[in-house]
Each structure stands twice: as structure tokens, then as C-alpha cells.
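Visitor: Take a look at this one; I'll ask things after.
Just so you know, all these numbers are worked out from the coordinates, no wet-lab data involved. Source: prediction; values computed, not measured. Note: ideal-geometry Cβ built from the backbone for every residue, glycine included; neighbour counts use all protein chains shown.
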Amino acid sequence: MPVPADIGVGPGADCLAALEAYAPADSTQVDLRRQFLAHLARHPDDGWSRTCPGAHLTASGLICSPDADQVLLLHHRKLGRWLQVGGHIEPTDTTLAGAAYREALEESGLPVRLIPGIVHLDSHEVPCGPVRSCFHLDVRYLLVADPRLAPVTGDESHSVRWFPHDALPTDESSVTVLVDIARSILV
């Protein structure tokens with residue numbers, strides 16, 4: 001399924017524009033936004049790319065039912081944890097939102113609808129690339145899909161499943177905060 005036409009312009013410029021447009025609601029998110037923008041200022045040509053040593057932006061999204069009662073998570077093959085869909089921004093991605101949308105399609109196999117706008121930022125260390133320590137500067141979105149549809153398990157996961165919002169297979173705060181945000185937006 002192609003990325004909708006209204007999601008695109010170019011990764012470098014769009015990363016900056018999307019983060020500048022994000023209006024965080026709390027001081028932690030304000031600080032992360034400042035850090036992400038500083039990273040892009042230091043690495044204007046590749047701060048969004050996995051080729052940027054030490055840290056790079058990534059795009060992820062929580063897929064949930066339209067009423068946010070069901071949440072789709074994947075059991076990540078490399079990390080061995082239940083997480084939202086997402087990953088690296090590719091040179092062919094035109095925007096952060098488009099990257100999150102593409103990752104959602106690839107990792108779930110489901111038709112999804114992207115809710116416009118960044119909903120959360122997260123920075124976490126990962127085993128990625130030749131330079132250690134490496135950090136993913138994760139820009140997060142919200143997506144909606146029909147929970148009656150069965151997801152597809154791809155190469156990057158052991159399992160992809162729907163869960164009730166109040167019976168998640170993880171208590172990892174990076175996931176639970178997204179569920180809380182989804183419920184505040186959709187309910």
C-alpha cells in the first residue's frame with residue numbers, strides 16, 4: 001500500500017519541520033524535543049539516518065483500534081520485547097510520518113490510518129550500527145486499524161498480536177505511555 005500523497009516532502013527538512021511543529025505537553029518532552037533538534041543541527045545531512053554514528057532519528061507508531069480498546073504490539077526478534085511498530089528512516093522515506101506509516105504497514109501487514117502529528121518522543125540506547133553507544137531518537141505517532149483483521153508476522157518479529165489496552169504483555173513505560181496517549185486522544 002503506497003504512502004498517502006499528503007504525507008510527503010523529504011527526510012532531512014521534514015524531520016526538522018515536524019519536530020519544530022511538535023508542541024510537547026510536559027517538561028520531559030520539551031527537553032527531548034530540544035535534544036532532537038540539537039542533534040539535527042549538529043548533523044544536518046544525516047541526523048535522521050542510520051548512517052549517523054552514535055545516534056539517529058527513528059519513526060515508530062502505536063497501532064490501536066479506533067476506540068483504543070485494542071493495541072497491536074510485536075515481539076521484537078532482536079530485542080526480545082513486546083513493542084510498538086517502528087524503525088529506521090530510509091532514504092526513500094519523504095517524511096517522519098511517512099516512515100512511521102511505512103513501518104506500520106511492513107511490520108503488521110494491516111491497512112492503517114495515520115493520526116496526524118507527533119504524539120511522543122523517546123531516546124533509548126540500542127545495539128545498532130558500528131558505534132557504541134548508539135541511541136535511537138524515536139519520534140512516535142498514533143495509527144488506527146481494524147482489530148478484527150489478523151496481523152502478519154514479518155522477519156523482524158516473533159509474533160504480532162492484538163491485546164486489550166488493560167492487559168498488555170509488557171509494563172515497559174515506553175509502551176504504556178503510548179497506550180495512555182492513544183486513549184486520551186481516541187476515547
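Visitor: Residue separation times 0.36 nm, minus the C-alpha to C-alpha distance between D69 and D31: what's the value? Before the final figure, lay out the partial values.
Guide: On the way: separation 38, 0.36 × 38 = 13.68 nm, distance 3.04 nm.
Length difference between fully extended and current span is 10.6 nm.
Visitor: Please work out the FRET efficiency for the pair F135 and R77, using the Cβ-Cβ distance as r and a Förster radius of 22 Å; give the result to the nearest 0.05.
Guide: That pair, F135 with R77, gives E of 0.60.
Visitor: Also, I was wondering about something else. Mind sorting H56, H165 by how few other Cβ atoms lie within 10 Å of their own Cβ, fewest first?
Guide: Numbers: H56 22, H165 18.
Ranking H56, H165 by Cβ neighbours within 10 Å, fewest first, gives H165, H56.
Visitor: Out of residues 5 or more away from T95 or on other chains, whose amide H comes under 5 Å of its own, with H placed 1.01 Å from N in the peptide plane?
Guide: Excluding prolines and chain starts, which carry no amide H, the hits are V9, G10.
Visitor: Could you give me the ³J(HN,Hα) list for the stretch 176-183, computed from phi with Karplus coefficients 6.51, -1.76, 1.60 and θ = phi - 60°, whole Hz, x at Gly and Pro?
Guide: 5, 5, 5, 5, 4, 5, 4, 5
Visitor: Something else about it: Divide by every residue of the chain the summed helix terms, -39500 (n - 2.57) for each DSSP H run of at least 4, and state the resulting mean residue ellipticity at 222 nm, rounded to the nearest 500 deg cm²/dmol. Please report the intermediate quantities before stating the final value.
Guide: Details: 4 runs with 54 residues, N = 187.
Taken over the chain, the calculation gives -9000 deg cm²/dmol.
Visitor: Excluding S65 itself, calculate the net charge of residues whose Cβ lies under 10 Å from the Cβ of S65, where each Lys or Arg counts +1 and each Asp or Glu counts -1.
Guide: For residues surrounding S65, the net value is -2.
Visitor: Could you tally the net charge around D166, taking each other residue with its Cβ under 14 Å from the Cβ of D166, Lys/Arg +1 and Asp/Glu -1?
Guide: Summing Lys and Arg as +1 and Asp and Glu as -1 gives -3.
Visitor: Residue by residue, what Karplus-based ³J(HN,Hα) values in Hz, rounded to whole numbers, does the stretch 143-152 have, using 6.51, -1.76 and 1.60 with θ = phi - 60° and x for Gly and Pro?
Guide: With coefficients 6.51, -1.76 and 1.60, one gets 10, 10, 8, 7, x, 7, 8, 7, x, 9 Hz.
Visitor: At R183 and A17, where each label point lies 7 Å from the Cα along Cα→Cβ, what is the point-to-point distance in nanometres?
Guide: It works out to 3.5 nm between the two label points.
Visitor: State, to one decimal in nm, how far the label point of V152 lies from the label point of H124, with both points 7 Å from Cα in the Cβ direction.
Guide: 2.5 nm
Visitor: Starting from the eigenvalues of the Cα gyration tensor, five times each then square-rooted, give me the equivalent ellipsoid semi-axes of the stretch 5-186, largest first, whole Å.
Guide: One finds semi-axes of 25, 18, 16 Å for the stretch 5-186.
Visitor: When the dipole is taken about the Cα centre of the chain, and only Lys, Arg (+1) and Asp, Glu (-1) are charged at their Cβ, what size is it in debye, to the nearest 20?
Guide: It comes to approximately 200 debye.
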